[in-house]
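Scroll down for the structure; my scribbles are underneath it.
The values are calculated or read from the model by the stated rules, or taken from the named source; none is laboratory data. Note that the structure is predicted; figures quoted are calculated from it, not measured. Please note: Cβ atoms are built from the backbone with ideal geometry, for glycine as well, and neighbour counts cover all protein chains shown. Heads up: the accessible areas ignore ligands, DNA and RNA and are worked out on the full protein's heavy atoms, side chains in. Shrake-Rupley method; radii C 1.70, N 1.55, O 1.52, S 1.80 Å.
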Protein chains: 4
Amino acid sequence: MLEAAEAVRQLTQAGAALAGRGWLQGTSGNLSATLASDPLRLLITSSGQNKGNLTPQSFVHIDEQCRVLQGEGRPSAEAALHAVIVRQRSAGSVQHVHSPWATVLSGFYAGAKGITIAGYEMLKGLSGVTTHEHSEWLPVLENSQNYTQLSAELETLLREYPDIHGVLLRGHGLYTWGADVAEAQRHVEIIEFLLEVAGTTDMLRGRFAQAQ
Amino acid sequence: MLEAAEAVRQLTQAGAALAGRGWLQGTSGNLSATLASDPLRLLITSSGQNKGNLTPQSFVHIDEQCRVLQGEGRPSAEAALHAVIVRQRSAGSVQHVHSPWATVLSGFYAGAKGITIAGYEMLKGLSGVTTHEHSEWLPVLENSQNYTQLSAELETLLREYPDIHGVLLRGHGLYTWGADVAEAQRHVEIIEFLLEVAGTTDMLRGRFAQAQ
Amino acid sequence: MLEAAEAVRQLTQAGAALAGRGWLQGTSGNLSATLASDPLRLLITSSGQNKGNLTPQSFVHIDEQCRVLQGEGRPSAEAALHAVIVRQRSAGSVQHVHSPWATVLSGFYAGAKGITIAGYEMLKGLSGVTTHEHSEWLPVLENSQNYTQLSAELETLLREYPDIHGVLLRGHGLYTWGADVAEAQRHVEIIEFLLEVAGTTDMLRGRFAQAQ
Amino acid sequence: MLEAAEAVRQLTQAGAALAGRGWLQGTSGNLSATLASDPLRLLITSSGQNKGNLTPQSFVHIDEQCRVLQGEGRPSAEAALHAVIVRQRSAGSVQHVHSPWATVLSGFYAGAKGITIAGYEMLKGLSGVTTHEHSEWLPVLENSQNYTQLSAELETLLREYPDIHGVLLRGHGLYTWGADVAEAQRHVEIIEFLLEVAGTTDMLRGRFAQAQ
């Protein structure tokens, strides 16, 4: 398991890199790392932090019920989603970002309940994928402010699709995870790249253009 | 109230961050912080400054009539708009940026007198908004070089819509504000993000495409 | 007149800023400052330099016939265009950049021999422009490898349009200038901003879309 | 020939610059430099490295059969493509990046087996090109996980088109090369610039828009 000070260092670096891409504007997004799994203990950014400029004071330690064990500030209401993912995927890190493309495409693909992304070499950067012929399903979940219900829906979704690497919340953003902070950050970069490719392709094709 | 040296430090940092996004090209935009409210005293960037690289000499102190109380240089003619916003909203900071999306969309939505932005989680970053089901009205005001008249129109608009978080000037840019420098900067980042999402959505939909 | 060491410092800083925007990819573009006007003496980047990372050795001093007076390396064949602009406009600095939007739009507007940009507040950042109601004519000149002929055409164009602030070479890029390095850099940033706005507007309108 | 420590320094710098443009997301791409040509000895990034932040430990030395001669880690399966290019072109450096535009356009132009890019001044930044009237053929090769076969196809292609400066792998990315690290990096920047110009032009034209 990751030592807390090292987890802070790694998440601070990831936050700066992802904020530099414009994916954590305002104080959006949240980043966590698993400190212990039994009982569960997570290090997570507290609510209202600018993720491009994190410090050790920007984090809290929480347990499985998202109660604060250490640190000042309160965890985001979305901490419950992190806990669900860590439990379901034995993830070492969960990273949640808001990008324009994720926000836009989650709306266009909500009716289809997700986006299929296939045929790209970049897919091989997702853990366990060994060929560009892979077809990745990126589900879109309806957004909600009822995080208890959203957590339950996310848990059901993760059980239904054991092989997915991320989930979009509609009009909200991307959740992805990895065995450690570096892998979770790699998954953010790759899925965001693939969403930009998908969106640009749809635009060139006029896929969503309506008859005037 | 904010101490002047600290206000300079915070606005300099905000200027560098927003210029890094390409929203303050040339010497466009202006940033202010409220030093005292009765009588009103504002710290504001003087005219012709590169906002990505501000120094203590880049600012002037002005009163409610935009007369210079301290510092070299003259305030922008737009300082009057800052004073109106501070009075109407008890704002601790007003930030005005020029982005391509704000400029483009303010033209397309001028006929409708504004843009409605609804359904996005990012809206929760706007002060007082607690759900993505919020519908934000971002009015578009006609641009003018008559700043006395423009100030009066802005004042009327702010009274008419007590809940808005920003205003677009047509073909010009965004004005937003906050209780302090950090909140005003957060509002810039969030509204610019939402404009990029709105513009990209319009493009994918072919919303403004004319029959050939 | 500008001292050579100070001109090197200012152009190095401008090069880094403009390269950071992606407008000087490869070793494209060139930047100059006027060291003396009678006889003409220019400091100009020599051929093949990466403009994001200039050093004093990246520059040569040239006279009106583009002969090297000082420094190693040879001036770009485009140095002749710099000399024409300095003479015609008494410019203190000429800056030439290659951006995707300038390259793309110079092709679409070549038939009209230029682009009219009007109604934007950002126009006020161009020297001498005092209202957004200004209409700026940005001519497009056919590109050529015959720089003697191109220089003559540019000179004719500058005489024909005494109020313009820049010229596009078709499929090539933007030339602009200013009284000093800072003003020329401001003109680059403003014209590039306006081209992005014009191009995005054309895309939303489907202005150049062909019937399928 | 390049000394190994100097090659590490140059590729590390190139990696940081190209990653900064978003062309090496995740741990995608790979960069090499030729240390000796007879027998062939290449310095190449090992598999799984973040190319924006390379260190001397991020590289291995390989021979023509891609066996590791020095260093920890294993070379990417794509190292064989680097070896083919170095042999065929006597290249001093091969650079492979993944950009959204290369990925998207390689799909749209796969049917035509490549993209013709002509009429742009930026083409003059490609080694040996002296006029914008040059027409550059950028072939698209079908992607494959069978690198032995892909190497053979690439070799055939390089023999068939002795004047090309780069190759796209479909849905994968760009391979380009140069006499040294600086020239190869310049070729990346120029070809990516030209792809952005080509893609933006196609978008404005509605070239790939399908009847609704």
Once amide H atoms are placed 1.01 Å from N in the peptide plane, what residues at a sequence separation of 5 or more from B:H134, or on another chain, have their amide H within under 5 Å of its amide H? B:G119
Nearest 10 degrees, 0 to 90: what angle lies between the long axis of helix D:4-20 and the longest principal axis of chain D (Cα atoms)? 30
May I ask you to report, in nm to one decimal and beginning with the shortest, the distances from B:E160 to the same position in the other copies, taking label points 7 Å along Cα-to-Cβ? 4.6, 4.6, 6.5
Ignoring ligands and nucleic acids, what accessible area does C:W137 show with a 1.4 Å probe (Å², nearest 10)? 70
How far is B:T130 from itself in the other copies, in nm, if each label sits 7 Å out from Cα along the Cα-Cβ line, shortest first? 5.2, 5.2, 7.4
Among the residues of region A:119-147, which ones have their accessible area go down by 30 Å² or more when all the protein chains sit together, as opposed to their chain alone (1.4 Å probe)? A:Y120, A:E121, A:M122, A:H132, A:N143, A:Q145
Tally up the carbon and sulfur contribution to the accessible surface of the protein assembly as shown as a whole percent, 1.4 Å probe, everything protein left in place. 47
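Give me a single rounded figure for A:93-101: the average over its residues of other chain Cβ atoms within 10 Å of their Cβ.
Other-chain Cβ atoms within 10 Å of each residue's Cβ, averaged: 3.
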Just need the relative contact order of region B:4-211 here, percent rounded to a whole number, with Cα pairs under 8 Å and 6+ apart. 20
Cβ-Cβ cut-off under 13 Å around B:L158, Lys and Arg +1, Asp and Glu -1: the net charge is -1
Among B:A184, B:A91, B:A110: highest mean-square fluctuation, GNM of chain B, C-alpha pairs under 10 Å: B:A110
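What does the charge add up to near D:H98, with Lys and Arg as +1, Asp and Glu as -1, over the other residues with Cβ less than 12 Å from its Cβ?
Overall, the nearby charge balance is -2.
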Indicate the gyration tensor shape class of region A:1-114 (rounded, prolate or oblate), computed on the Cα atoms with a ≥ b ≥ c the square roots of the eigenvalues: a/c under 1.5 is rounded; otherwise a/b larger than b/c is prolate and the rest oblate. oblate
Is region C:83-212 rounded, prolate or oblate when judged by the Cα gyration tensor, a ≥ b ≥ c being the square roots of its eigenvalues, rounded requiring a/c under 1.5 and prolate requiring a/b larger than b/c? oblate
Please list 3J(HN,Hα) in residue order for region A:35-42, calculated via the Karplus relation 6.51 cos²θ - 1.76 cosθ + 1.60 where θ = phi - 60°; whole Hz, with x for glycine and proline. 8, 7, 10, 8, x, 5, 9, 10
Does anyone have the angle between helix B:79-89 and the longest principal axis of chain B? Alpha-carbon axes, 0 to 90°, nearest 10? 80
In a Gaussian network model over chain D where Cα atoms closer than 10 Å are linked, find which of D:Q149, D:Q185, D:Q95 has the largest mean-square fluctuation. D:Q149
Let me know the mean shielding of B:20-26 by other chains, meaning the per-residue number of their Cβ atoms within 10 Å of its Cβ. 5
Can you list, shortest first in nanometers, how far C:Q210 lies from the same residue in the other copies, with each label 7 Å from Cα toward Cβ? 2.0, 2.0, 2.9
Using alpha carbon centers only, region B:68-122 is separated from region A:151-169 by a whole-angstrom value of 41
Write down the accessible area per residue of the protein assembly as shown in Å², having rolled a 1.4 Å probe over the full set of protein chains. 39
Using a 1.4 angstrom probe and counting only protein chains, how large is the accessible area of B:L138 in Å², to 10? 10
Check which residues have an amide H placed less than 5 Å from B:S46's amide H, if you skip close sequence neighbours. B:F59, B:V60
Which part of region C:82-115 falls in the paramagnetic zone of C:A152, meaning amide N under 18 Å from the point 7 Å along Cα-to-beta-carbon? C:82-85, C:88
Using only Cα atoms, find the angle between the long axis of helix D:147-160 and the longest principal axis of chain D, and express it within 0 to 90 degrees, rounded to the nearest 10. 60
Can you list residues whose amide H is under 5 Å from C:G92's amide H, if they're 5+ apart or on another chain and H is modeled 1.01 Å from N? C:G178, C:A179, C:D180
With B:V181 itself left out, Lys, Arg at +1 and Asp, Glu at -1 over residues whose Cβ is under 14 Å from its Cβ give -2
Rounded to the nearest 10 Å², what accessible area does A:E72 have for a 1.4 Å probe in the complete protein model? 150
In deg cm²/dmol, rounded to 500, what helix-only [θ] at 222 nm does chain D give when every DSSP H run of at least 4 residues adds -39500 (n - 2.57) and the total is split over its residues? -12000 deg cm²/dmol
Springs between alpha-carbon pairs under 10 angstrom, Gaussian network model over chain B: which of B:E78, B:E153, B:E133 fluctuates most? B:E133
Averaged over the residues of A:107-118, the number of partner chain Cβ atoms within 10 Å of each residue's own Cβ comes to 1
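Taking only pairs that are 8 or more places apart or on different chains, how many Lys pairs in the protein assembly as shown have Cα atoms under 18 angstrom apart? Numbers along the way, then the final one.
On the way: A:K51/B:K124; A:K124/D:K51; B:K51/C:K124; C:K51/D:K124.
So the count of such lysine pairs works out to 4.
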